[in-house]
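The values are calculated or read from the model by the stated rules, or taken from the named source; none is laboratory data. Worth saying up front: this structure is predicted, and the values here are computed from it rather than measured. Backbone-built Cβ (ideal geometry, glycine too); neighbour counts: all protein chains shown. Note: accessible area is taken over every heavy atom of the protein model, side chains too, but ligands, DNA and RNA are not part of it. Shrake-Rupley method; radii C 1.70, N 1.55, O 1.52, S 1.80 Å.
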Amino acid sequence: MLHIHHFLLQHIHRFLNETWTSRYHKELSPDLLTFLWSVIASVFSLGGLCGAFIGGSMAIRLGRKGALLMNNIVAILASILMGISFPTGLFELLIAGRFLIGINSGIGICVQPLYIGEVAPKHLRGGMAMGTSIFLTGGILTGQIIGLREFLGGETYWPLLLSSSCFPAFAQLLFLPWFPESPRYLLIDRGDELSCAKALKRFHGSSEYGKEMEDIQQEHSALDGEEPKKPWQLFSDRGVRWQLISVIVMTMGQQLSGINAIYFYATYIFEQAGISAEKIPYVTLGTGACECLTALTCGLLIDYVGRRYLIIGGYLLMTLWSIVLTFSLTYQDLYSWVPYVSMASIFAFILSFGLGPGGITNTLTAELFVQSSRPAAYMIGGTISWISFFTIGMLFPFIVNGLKHYCFLVFLLECSLVAAFVFLVIPETKNKSFLEIKKEFHKLNFGRNTKKKETDLSERRQLYDEFKNKNLCNFTAVTKLQ
């Protein structure tokens with residue numbers, strides 16, 4: 001989700017006006033200003049979509065670690081372009097930088113959970129995969145803090161705020177080379193058993209790596225040299241049909257759950273509660289802190305409670321808070337205490353989102369597929385996510401204008417339907433190997449009578465072998481008598 005700071009919005013509007021006036025010696029019309037701002041805001045989503053398209057291919061060709069390292073170059077280039085846009089007076093560089101940082105985000109959200117999901121041991125896989133959400137929400141909160149007027153949100157320093165994305169990129173370029181490549185990638189994709197063993201020893205220690213090595217070798221044998229699949233091949237592969245449907249439903253559910261509506265209404269609700277316009281950016285820090293806190297909580301609970309309980313619980317709680325918000329926004333002006341109910345519901349909705357759909361969706365994408373299908377699944381999931389993000393960004397103002405606060409009834413329906421889907425379709429993946437999870441989906445993908453058919457076939461083969469052996473014995477006996 002994209003959080004653009006209130007102060008930053010004012011500075012960019014002023015920058016666009018001043019640049020246009022100095023360049024063309026006339027005022028920038030309000031319509032054109034809105035259009036340029038829309039391009040700057042939405043080009044990030046377009047970049048994210050492009051990043052999702054190429055992220056899986058990069059992970060296959062360069063390796064998981066190689067793709068992440070290369071992605072930092074994109075982030076640094078984006079930071080430079082955005083940073084020099086103000087001194088050079090070229091808002092086109094700001095648009096180009098936003099597009100590149102979108103590509104960086106698209107690749108990162110695809111490859112980073114792929115790498116962590118593959119290196120993590122079974123019993124810690126959920127908590128480690130939640131690292132993506134923890135640092136994503138932590139980054140949003142950090143951006144909200146340093147974007148305040150007292151820090152880099154002032155008129156003098158806002159270009160530095162836009163360039164600040166280079167710091168995590170430099171940190172990763174400095175530290176990631178010291179970490180091994182994904183052991184699964186090394187053995188299953190590259191066929192390099194020696195490098196795989198070395199990587200596992202570094203991750204798990206010399207005495208503990210044997211069990212993980214055995215698990216990877218079993219998956220390697222089961223795949224029998226199968227090449228990494230392209231995204232379009234997954235759509236025609238019956239063996240991953242329901243896994244793919246699950247990823248599409250969960251990814252769309254996460255983006256269309258109403259979390260964007262919450263942030264849209266937050267400012268209005270805070271104003272209604274009597275908070276002054278100058279203080280609202282400080283109050284919205286609470287929403288960022290909520291997301292960060294729940295991502296951490298989810299990371300601690302996921303390997304104990306399980307994925308199903310958290311994601312179903314999260315969607316059901318969001319359904320409940322959608323009902324409360326619909327009522328509280330309807331009777332907002334009737335009683336003085338109602339705005340505070342709305343404000344509490346805003347925070348409760350964000351907490352529910354972070355506890356379930358916010359983090360677990362990406363974790364499950366890693367777990368539902370075996371090695372040959374996983375990068376393609378992330379490419380499909382990432383593409384769906386960015387398209388949904390862009391669509392909701394375009395349609396949301398019309399939905400709000402048409403339905404007003406009743407828009408939460410749409411999100412209520414969506415959240416309850418996704419919860420029902422997860423309950424009926426997705427098995428618990430906690431403490432299971434990727435092959436065990438694949439077997440769980442076997443019945444759904446090939447029908448419930450598959451096991452019975454397989455049993456019947458094996459019984460027929462056994463009877464045939466017995467019959468053949470019996471006839472062979474009779475033939476031998478007759479030959480001896482002759």
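Laid out as a table, the results:
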read-out	value
Solvent-accessible area, 1.4 Å probe, carbon plus sulfur percent, for the stretch 1-179	73 percent
Accessible surface, per residue, of the chain when the full set of protein chains is kept, probe 1.4 Å, Å²	50 Å²
Euclidean distance between Cα centres, the stretch 309-338 to the stretch 214-290, Å	21 Å
Extension gain (nm, one decimal) between LYS404 and THR156, 0.36 nm per residue minus Cα-Cα	85.5 nm
Within the accessible area of the stretch 226-446 (1.4 Å probe), percent carbon and sulfur	70 percent
Convex hull volume per residue for the stretch 27-118, taking Cα atoms only, in Å³	79 Å³
Distance in nm between pseudo-label sites at LEU148 and TYR24 (7 Å out along the Cβ direction from Cα)	3.8 nm
Centre separation in Å (Cα based) which lies between the stretch 341-391 and the stretch 1-79	22 Å
Which label in [x] 73, 51, 42; [y] 62, 58, 47; [z] 114, 52, 42 gives the computed Cα extents along the principal axes in Å	[z]
Estimated 222 nm signal from helices in the chain, with DSSP H stretches of n ≥ 4 weighted -39500 (n - 2.57), rounded to 500	-26500 deg cm²/dmol
